[in-house]
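Chemist: Just passing along the structure, written as structure tokens.
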Amino acid sequence: FGEHWDEDRLMLSTWRAIGTGSFRPSFYVYPTVTHWLAWLPALPTLLAGFPAAKQCLATVDPSLPTAWTPCLSQWTNHAMEALVVKTILLRARFLFLLFSSTAVALTGLFVWRRRRRAGEAAIATAVLALSWEVQYHARWTAPDTLLMAAAVLVLWLLDEAERRASDRWFTAAAAAAALGASTKLTGGILLLPGLLVGARAHTRTRVDLR
């Protein structure tokens, strides 16, 4: 199956998050959305261990400020062990693959929406789906194809905003750009097309007012 350096770093960040109970990533090269998506597969394991943790809490003295610490450690250690033996990793890979596939689907739908030609949409979908970028990165817990999906969505929403001259579509595009920037540090570049389209719309409005 091979290895990917992003996967090791993300899983380490997830392991630390489970151990500390923090929802924040330990480093921001791969920001919040990617971190949460890698963290989410651990949730079933954490929920499964909750009854035992609850029983443990019932046996301790609540007046002691750190009495709950051993119970919390017992609860999180089970999930951390599942991460070490790859149980959570396999769930994370499936989840990333599922969300990564939206990049391919959105590309095909965008081309069909723009061109209204099923053949062109099919070709665009096939070219992206069979590309090295998708075939390689979609297998891992890596943010690249997640950023790709967000980029396609941003372009689609900006195209609708341009054609409809609607602030609601600009707002949706800004939200999609923020989502993309939260998948990978370089996703901040998605703000650029929004600024360009917004500046063009603003210029056009000023000309119309004259």
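The values are calculated or read from the model by the stated rules, or taken from the named source; none is laboratory data. This one's a predicted model, so the numbers in the text were calculated from it and none came from an experiment. Glycine also receives a Cβ, built like all others from the backbone with ideal geometry; neighbour counts cover every protein chain displayed. Note: accessible area is taken over every heavy atom of the protein model, side chains too, but ligands, DNA and RNA are not part of it. Shrake-Rupley method; radii C 1.70, N 1.55, O 1.52, S 1.80 Å.
Chemist: Taking the solvent-accessible surface of protein heavy atoms with a 1.4 Å probe, what is the per residue accessible area of segment 109-210 in Å²? Provide the component values of the computation, followed by the final result.
Modeler: Details: 6140 Å² over 102 residues.
That works out to 60 Å² per residue.
Chemist: Of the listed values (i) 1.24; (ii) 1.31; (iii) 1.46, grab the one calculated as Cα Rg over 2.2 N^0.38 Å from the structure here.
Modeler: Recomputing Cα Rg over 2.2 N^0.38 Å here gives the entry labelled (ii).
Chemist: While we're looking at this one, here's another question. Compute the helix-to-body angle for 118-129: its Cα long axis versus the longest principal axis of the chain, expressed 0 to 90° and rounded to tens.
Modeler: On a 0 to 90 degree scale, this one is about 40.
Chemist: Next question. Cβ under 15 Å from K184's Cβ, K184 left aside: what net charge do those residues give with Lys, Arg +1 and Asp, Glu -1?
Modeler: Values: positive: R9; negative: D6, E7, E133, D144.
Combined, the nearby Lys, Arg, Asp and Glu give -3.
Chemist: Tally Lys and Arg at +1 and Asp and Glu at -1 over the other residues with C-beta under 13 Å from the C-beta of Q74: what net charge comes out?
Modeler: Working: positive: K54; negative: E81.
Net local charge, Q74 excluded: 0.
Chemist: Given a Förster radius of 30 Å and the C-beta distance between I123 and R16 as r, what FRET efficiency does 1/(1 + (r/R0)^6) yield to the nearest 0.05?
Modeler: On the way: r = 44 Å, r/R0 = 1.46.
The formula returns an efficiency of 0.10 here.
Chemist: Kindly list the residues of segment 162-181 that lie in the label zone of E133, defined by a backbone N under 17 Å from the point 7 Å along the Cα-to-C-beta vector.
Modeler: Taking a point 7 Å out along Cα→Cβ of E133, the residues of segment 162-181 whose backbone N falls under 17 Å are 177, 180-181.
Chemist: A further question follows. Could you work out the local net charge near P41, counting Lys and Arg as +1, Asp and Glu as -1, over the other residues with Cβ closer than 10 Å to its Cβ? Intermediate values should be presented prior to the final figure.
Modeler: Details: positive: R91, R93; negative: none.
Taking every other residue near P41 into account, the sum is +2.
Chemist: I've got another one for you. Give me the number: length gained by fully extending E3 to R115, i.e. 0.36 nm times residue separation minus the C-alpha to C-alpha distance, one decimal in nm. Walk me through the intermediate numbers first.
Modeler: On the way: separation 112, 0.36 × 112 = 40.32 nm, distance 3.90 nm.
The E3-R115 span can extend by a further 36.4 nm.
Chemist: Further question on the same structure: Please compute the length gained on full extension between R164 and L191, using 0.36 nm multiplied by the number of residues separating them and subtracting their Cα-Cα distance.
Modeler: Working: separation 27, 0.36 × 27 = 9.72 nm, distance 2.00 nm.
Difference between extended and current length: 7.7 nm.
Chemist: Please list, short to long, the whole-number percent of alpha-carbon pairs of segment 133-207 in consecutive 5 angstrom bins beginning at zero.
Modeler: Values per bin, smallest distances first: 3, 18, 25, 20, 14, 9, 6, 3, 1, 1.
Chemist: A follow-up question, please. As a check on your grasp of the helix formula, calculate [θ] at 222 nm for the chain: sum -39500 (n - 2.57) over DSSP H runs of n ≥ 4, divide by the residue count, round to the nearest 500.
Modeler: Values: 11 runs with 157 residues, N = 210.
Result for the chain: -24000 deg cm²/dmol, rounded to the nearest 500.
Chemist: Counting only protein heavy atoms and a 1.4 Å probe, tell me what percentage of segment 109-167's accessible area is made up of carbon and sulfur.
Modeler: Reported share for carbon and sulfur atoms: 64 percent.
Chemist: Still on this structure: What FRET efficiency, computed as 1/(1 + (r/R0)^6) with R0 = 30 Å and r the Cβ-Cβ distance, is obtained for F50 and S101, rounded to the nearest 0.05? Walk me through the numbers on the way to the answer.
Modeler: Details: r = 32 Å, r/R0 = 1.05.
It comes to 0.40.
Chemist: Using alpha carbons only, how many degrees (0 to 90, rounded to 10) separate the axis of helix 191-209 from the longest principal axis of the chain?
Modeler: 40
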